[in-house]
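Below is one structure, written out as structure tokens; the observations come after it.
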Amino acid sequence: MAIKYLGDHKASPWRVYWRNPFTKKIETRHFSDKNEAEKHDSLVKHWLKHDPEQLRPEDDPAPATVTTVYSLVMAHIKAKNFKPKSLRETSYHVAPILAKIGSIPISDLKKSHMREVVAALRESGLKANTINRKVAIVKAALNWAEEMEMIEVNPIRAFSCQRGTDTQIQPPTTHELESMLSVAMPHIQRVIILGLSFGIRIGQSELFRIEWGNVDMNRWMLFVASADKNLRAQWRDLKIKESLRGIILRWKEDDDAARAKAVKKHGEDGAPPYRHVINWHGHPVGSIKRAWKETLLDAGISRRIRPYDLRHAHATEAIAAGADVKAVSENMGHSDTTMIYRHYQHVLVKQRESALEVVPNLVIQSGNTEGHILAGFCITDATKPQ
């Protein structure tokens, strides 16, 4: 296992290589970001030590039959063919459960085992929703095994654990955003402005993948490749409002000037590509965790604000201003409005109240109100003062 840096002239300069325990050959993967390379290197080390079956070639049949909870869950994860990030997250979530019941044969697994696991996870301080997510992975693996006829029946199909309430983190206020922008590094400023303006998913799934080729400065459109979870709309086109055009144009000019300077110094092949809108000295950005934390600290903000909260701020402000819920949902890349209604009820309530206020007024002109007899009435515009 090792990581090697190949130089700035490579689009993906970080190489991770290891020896496959089955083929005995050296295998490699390339990454544009050092942090991602280190994560993959750590993942392969984990596989080599604890789960080498993950590295078995697809054309090399596994000799063992699935018998334990651990082997079944691992077989399911491998069959899903997750991308590296999803694989890491899934493995991380299921690890504490497998540590407790992984060695139990499927035929011996009972709901009482799951109750013990849930109790232990609660004692460790995990929230109900996090526990539910971990349990769901195991249940999904058992459902898959039943469907594939690897087991006769899922022994914990009817098991359920309490679902908690989602903790709402208040989106950053206008004052907080202004404070952050005043101290943030250039690439973090771009993250804040684009995340707030378009509600794009912050990270490798969407925002960090946007290249200058996705920005049409003739029609002022931004083309976003949707995250893998939205299979209905793989791309979405977002109109760049006029107040952002000058800012984006200046970013492009800055990147072009920096690229030209680098080419003059290092040559065409040795200069950073400056291809991505969110970049660090011309190179693609893999993570902003440290820079984001430093920005909050320098801005004097002590409460928790995540980069993803820029997306929530976008939805909150758009809905509060009366934007159509379906339009907001589509702009943010949701496949339907379910997520909007689930997470933005506090804003939608105000919208419903405002909707009642703008209905035309019914004004009694005269009549015997005690006898419920109206001599006449008129309808007035509720949006105009009477």
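Structure data summary
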{"quantity": "Contour minus Cα-Cα distance for ILE169 and ASP254 (0.36 nm per residue)", "calculated": "27.1 nm"}
{"quantity": "Between helix 69-80 and the chain: long-axis angle, C-alpha atoms, 0 to 90°, nearest 10", "calculated": "70"}
{"quantity": "Distance (nanometres) between label positions extended 7 Å along Cα→Cβ at ARG133 and SER112", "calculated": "3.1"}
{"quantity": "Rounded tilt (10° steps) of 289-298 against the dominant C-alpha axis of the chain", "calculated": "50"}
{"quantity": "Rounded percent of accessible protein surface that carbon and sulfur make up, the chain, 1.4 Å probe", "calculated": "52"}
{"quantity": "Whole-number accessible area per residue in Å² for the chain, which is evaluated in the context of all protein chains at 1.4 Å", "calculated": "60"}
{"quantity": "Listed pairs LYS111/LYS139; LYS25/LYS45; LYS34/LYS289; LYS34/LYS261; LYS45/LYS127 exceeding 22 Å between Cα atoms", "calculated": "LYS34/LYS261; LYS45/LYS127"}
{"quantity": "Helix 128-147 axis, angle to the chain major axis (alpha carbon atoms, nearest 10°)", "calculated": "60"}
{"quantity": "Cα-projected label distance for MET217 with MET339, points at 7 Å along beta-carbon direction, nm", "calculated": "3.1"}
{"quantity": "Gain in span if fully extended, TYR17 to ASN81, counting 0.36 nm per residue against the direct Cα distance", "calculated": "21.0 nm"}
{"quantity": "Ranking by accessible area, most exposed first, for ARG190, ARG157 with a 1.4 Å probe", "calculated": "ARG157, ARG190"}
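The values are calculated or read from the model by the stated rules, or taken from the named source; none is laboratory data. Computed from a predicted structure; not experimentally measured. All Cβ positions, even for glycine, are placed from backbone atoms using ideal geometry, and neighbour counts span all protein chains on display. These accessible areas exclude ligands, DNA and RNA; they are computed on the full protein's heavy atoms, side chains included. Shrake-Rupley method; radii C 1.70, N 1.55, O 1.52, S 1.80 Å.
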